[in-house]
1. Could you please find all residues in segment A:362-387 being small (Gly, Ala, Ser) and without any contact (Cβ under 8 Å) to a residue 40 or more places away in the chain?
2. Go over the candidates A:Pro11, A:Pro81, A:Pro75, A:Pro37 one by one and state the one that is more than 14 Å from chain B (Cβ to nearest Cβ), in contact with a Gly (Cβ under 6 Å, 6 or more places away or on another chain) and at pLDDT 90 or above.
3. Being crowded, with 16+ Cβ neighbours inside 10 Å, over 30 Å from B:Ala183 (Cα atoms) and either within 13 Å of chain B (Cβ to nearest Cβ) or at pLDDT 95 or above (or both): is that true of A:Arg358 here?
4. Does segment A:95-113 contain any residue that is of a type in the set (Val, Ile, Thr) and surrounded by fewer than 20 Cβ atoms within 10 Å (Cβ to Cβ)?
5. Would it be correct to say that A:Leu338 is more than 9 Å from chain B (Cβ to nearest Cβ), crowded, with 21+ Cβ neighbours inside 10 Å and closer than 30 Å to A:Ser405 by Cβ?
6. If you check B:Ala195, B:Ala175, B:Ala183, B:Ala203, which single one turns out to be facing chain A (nearest Cβ under 10 Å) and surrounded by fewer than 18 Cβ atoms within 10 Å (Cβ to Cβ)?
7. Which pairs turn up if I take residues in segment A:256-283 that are farther than 19 Å from A:Thr326 by Cβ and look for partners that are of a type in the set (S, T, N, Q) with beta carbon separation below 6 Å, at least 6 apart in sequence or on another chain?
8. Considering only segment B:130-158, state which residues are part of a helix (DSSP H, G or I), farther than 27 Å from B:Phe170 by Cβ and touching a residue at least 60 places away in the same chain (Cβ under 8 Å).
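The values are calculated or read from the model by the stated rules, or taken from the named source; none is laboratory data. Computed from a predicted structure; not experimentally measured. No Cβ is skipped: glycine too gets one built from the backbone with ideal geometry, and neighbour counts run over all protein chains shown.
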Amino acid sequence: MTHPSDTGPAPVLALEDISKSFGAVRALRDVSLELFPGEVHALAGENGAGKSTLIKTLAGVHRPDAGRVLLDGRPVVFHGPGDARDAGIAVIYQEPTLFPDLSIAENIFMGRQPRRALGRIDHKATHTATLRLMKRLGVELDPDRPARGLSIADQQIVEIAKALSFDARVLIMDEPTAALTGSEVARLFGVVRTLREQGAAVLFISHRLEEIFEICQRVTTLRDGAWIASEPVEGMTEDDLVRRMVGRDLEELYPKQDVEPGQVALSVRRLTREGVFTDVSFEVRHGEIVGLAGLVGAGRTEVARAVFGIDRWDAGEVEVEGRKLTNGAPSTAMAAGLALVPEDRRAQGLVMGMSIERNIGLTGLRTTVRAGLMDRGAERDRSLDWAVKLQVKYARIADAVSTLSGGNQQKVVLAKWLATGPKVLIVDEPTRGIDVGTKAEVHRLLSQLAADGVAVLMISSDLPEILGMADRVLVMHEGRLTAEIPRAEATEETVMAAATGRAAA
Amino acid sequence: MPESLTRAVRWDTVVGALLILLLLLSFGTVDGFGNALNLSFLIGNTLPIALIALPMTLLVVAGEIDLSVASTAGLSGAVMGKLWNDGMAIETIIPLCLLLGVVCGLVNGLLVTRLGLPSLAVTIGTLAAYRGIAQIVLGSDAVTDFPTQYLDFASGRLGNTFLPQAFLPFLVLLAIAVVVLHATPFGRSLFAIGASEEAARFAGIRVKRHKLILFTVTGLMASLTGIFWALHYASARYDNATGLELSVVAAVLLGGIDFDGGRGTLGGAIAGVFLLGALQNVMSLLNVSAQSQIVVTGVLLVISVLGPRVARQISVARAGRRAAASTPTS
């Protein structure tokens, strides 16, 4: 392992040869890690590499089977999350859980508010203490404002402030940026830098590699539960990091094939949903991948929902291969050959308690039928066929989808829709929160589908993905389509300019 | 733990086993339980609950509930009595009453699907409303002089057996309900809707239409039950079947239908119905007071909500251990 320097500060937190098994599976094998005050340390690895287990060990949720956790050089044993918190270790999760009707200050000091005589809450002291925390973080948030309506980034900042109020010296941030927009990420990173300068140690997890390079000084990579490397970020390339994570040279992340676009498959004309999006018109041709970019909240997902019939539109029309779709009727959209892989796979894409087989089967309720009854054999064959084609990793097809990893769940959603043989496929954030290996697989699949003549509309907040995969890029800003950029002219600058409404495209 | 044991923890199997156990015990130890008259009483008294439990099971699986069923049954009986008093032919009255049930169910369904109101609130409202209408229609009269061949059918037995004549039609309806819930695309959709309405909608399932159909069929079955009730007990009163909805819901939940929707089997629900019916019968034979019977039923209802969860947690814990053995972390 590489220390910043032998004479430098001692690690505030260290893991020594930690092992943890669940049943027969060794989730962590002899993993070591040192966190120094004043550093942001990335934890990299694919889904299933052991990151979550490591975090849970640090947070006191799991107890290691072997190895030691050292705090300021002294071995400690955490019997529960409370112990870890008292030791100054705080975990900031992807989706903060604040009480929406309480103020920021009340959320931070929940259950341990400063008191006045007779046990009354000292609101003034709470207010000032919160202001002090906000000042330390270098942000301006009104302590008396209710948590409801705060952006996710601001909610995370409140969580960080809460952690600081517990005198946390080690902050573990588990994919904090997954649901944030570009400007929110910048805001969060500002806070992280402030913390670093004040001497906190931050363990940072993200699937977005560019963020690791932007904010972290060192990176520890895990693969299959084993420690691979701990090294300075400086001098590394993204390819180096990916190679450590997947253990081989990854084939191209954006394997876009050149396809000559065919006839118009999806045609959206002057589509409007009042107060949500206005006058949106575009076409997607057979064989084309069209990217739909924009900031979160620009109305991209809402357009997809309306096109598929989840929400009604107020004006305009949608055609699939010249056939007009009924307003607000997903079943007719499906019948016309439209498929939507939704943004939220857990709530919208899958019925979590149902088996893999039946989830894929849900789109075949009209086809795997004989004499009005479910043809279970046909349903199983169809589900197995697509689960295998998409290389879903599962134990049994009858297992609940909730037992699968995020990447494999996403493959089940794709399988479910590809099984319908769609002419037009809309994918909304198809690779959010899934590891880089699976991401490349999904991209290869989309590229192959387009080559086979499917018209693909891809909504993504991941700009490199849009630039790498799309033949054309549509950009939305505040409910309107503001630009259409051909592949050759699409760059981060042109797309972001249109997405933020800066450019007249 | 072998997988066969994990499967055996399924709550509907537990309820089925409990029912068989109770029957065997009662045959052996409870005086008067095994004679044909008592058994036909038991089944005849349980049939109204069983009839309504069929559509109620489908509703609860789809994540909805209908508490107005007993009132719909009472209203159908009351209207039947009123029209019979007015001299209308019974052959005309029965279809009209069934149509009334369809309307009652449709009103519930439209309020739930068009206005997006929670079915618990809607059907508590119509529970009161339908019962009120029944009282307006019939007042405090009791109509008893229905044609004898109808009364005989509703209370008679099959040949020399202890089975009520109405048991055969019930078996046909049960078979239809089992096939619809467990073997058709419609039934499969109900499980998806109950488990995640949003995911079902994103899979192109017409959620509102499915629910509207369910409420309408529930109204129809409730009114059929009301007609059966009036004939079986040879009495049409406005307060017929009062409180029956609680027995139905208790039995369905006891049978392992998850109150949150998405889980359960009709076999379990029907086992729950007859377990509850047999238990009440046995308690009456043992001279347990009516008040104590209510306490037992209440306790059973709590257990029925708790039991399946405990059973599921056990199997989830096992599945989790299995899953942990194949993938290290989430």
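1. Here is the first cut: in segment A:362-387, the ones small (Gly, Ala, Ser) are A:364, A:371-372, A:377-378, A:383, A:387.
Scanning segment A:362-387 gives A:Ala371, A:Gly372, A:Gly377, A:Ala378, A:Ser383, A:Ala387.
2. The unique qualifying residue is A:Pro37.
3. Considered against the rule, which asks whether it is crowded, with 16+ Cβ neighbours inside 10 Å, over 30 Å from B:Ala183 (Cα atoms) and either within 13 Å of chain B (Cβ to nearest Cβ) or at pLDDT 95 or above (or both), A:Arg358 comes out as no.
4. yes
5. Yes; evaluated as a whole, the condition is true for this residue.
6. Exactly one residue qualifies, and that residue is B:Ala183.
7. Pairs found: A:Lys256/A:Ser447; A:Gln257/A:Ser447; A:Thr278/A:Thr272; A:Asp279/A:Thr272; A:Glu283/A:Ser267.
8. Our first condition is that a residue be part of a helix (DSSP H, G or I); within segment B:130-158, this holds for B:130-138, B:148-155.
Okay, now just the ones that are also farther than 27 Å from B:Phe170 by Cβ, so B:132-133, B:135-137.
Once the filter is applied, which keeps residues that are part of a helix (DSSP H, G or I), farther than 27 Å from B:Phe170 by Cβ and touching a residue at least 60 places away in the same chain (Cβ under 8 Å), segment B:130-158 yields B:Gln135, B:Val137.
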